[in-house]
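Take a look at the structure below.
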Amino acid sequence: MPQTRRRRRPAKKKKQYRLSLPAALVLICSVFIIYVGVDHFFIEETPASDDEAAITTAATSSEEAEPVSDGSYATVHFINVGQGDSELIIADDGTTMLIDGGESEYGDTVVAYLSELGLTRLDYVVATHPHSDHIGGLRKVISSDIEIGEVIMPEIPDEYVPTTNSYEKLLDAIEEKGCPLYYAESETIQFGSGTLTITVPDYSSDNMNNYSIVVRFDYGGSSFLFTGDIEKTIETQLVENGTNVDVDVLKVAHHGSSTSSSYTFLDAVTPEYCVIECGDNSYNHPNSDVVTRLEMYTENIYRTDVDGTVVFTVTSSGLSISTENGD
């Protein structure tokens, strides 16, 4: 892979704020009022409109989750892309993250789905790991008219970097569009009134599944965990490292394969809902023993091969679920 395609994500810079002239005058007057004494002045306060409140929330730079306003909501979409993964998170302020895009033949499906939602920009695109059933469709997403904020991929040691057609085509699409491409770093970022926590496994070998970027989304008291195709080795590592994987909704790793969803991991996750993304396949996905294991933790198990696309709507009151093939 050419060196120009391998850019490290720079350290976050502190935000610099520049006051406009009207804002500067307001600040000067405020200081003068404090100096003279507030008893000399009386200002009638006008309640902020809903639009103003939304602007205030969107402008917050703290990485701590903000209180969720009444009536606001976020949505999490598990898009049906057959035997593959594709998830979309839309924050209450419209910030978006697409995680994976299924096989190449599902690229148009994902683009059409985004268009139906009226999305013209993806702030983040995460390619969890370089397997075609996760990144194949991202090429068409990147090449579409949708504006891309940044693409995030795992850093893979040079000796293990794949040379597959799907991987090379994705890199070509990113380069042609000029998207910023960064290696994932473990960090927590503000995402609307919620937070996104990215965890990068400590792994270096030839099993691409275990490079999967893990994403946690917290909003309004509800939480989601997107696990890519991590296997038991990384599941155990996350638990032993003290990573907070206790969530309400679990995207079951590796399409419900027997390589994942260990008791150790599920004991830490304690999921209330599970979503298995799979389609017609010869891999025995989802594995019947894994499904039985999941049923020990929850009865709320959704499958894209049965339910189609699954959408969670998240408010301060909790979760509601709708499915393509019936609520």
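Annotations
- Shown here: region 240-327, whose C-alpha atoms stretch 37, 34, 19 Å along the first, second and third principal axes, sorted largest to smallest.
- With both residues required to sit in region 97-248, DSSP beta bridges show an antiparallel share near 60%.
- Over all pairs of different C-alpha atoms, region 168-240 has a mean inverse distance whose reciprocal, the Kirkwood radius, equals 14.1 Å.
- Nearest-20 debye value, region 230-319 charge dipole, Cβ charges on Lys, Arg, Asp, Glu: 100
- Percent of C-alpha pairs per 10 Å bin, region 69-163, short to long: 17, 49, 25, 8, 1, 0
- Beta bridges per DSSP, both residues in region 70-158: antiparallel share near 50 percent.
- Inter-site label distance for ASP206 and ILE321 at 7 Å from Cα along Cβ, in nm: 3.9
- Once all protein chains are placed together, TYR73 keeps about 120 Å² accessible to a 1.4 angstrom probe.
- Whole-angstrom Cα spans of region 194-296 along principal axes, big to small: 38, 32, 22
- The heavy atoms of SER72 present about 30 square angstrom of accessible area, all protein chains included, probe 1.4 Å.
- Take the Cα of GLU159, step 7 Å toward its Cβ, do the same at GLU105, and the gap between the two points is 3.7 nm.
- The listed residues GLU150, GLU175 rank as GLU175, GLU150 when sorted by accessible area, largest first, using a 1.4 Å probe.
The values are calculated or read from the model by the stated rules, or taken from the named source; none is laboratory data. Bear in mind that the values here come from a model prediction, so they are computed numbers and not experimental data. Because the Cβ atoms are built from the backbone with ideal geometry, glycine has one as well, and the counts that use them run over all protein chains shown. With ligands, DNA and RNA removed, areas are computed over all heavy atoms of the protein, side chains included. Shrake-Rupley method; radii C 1.70, N 1.55, O 1.52, S 1.80 Å.
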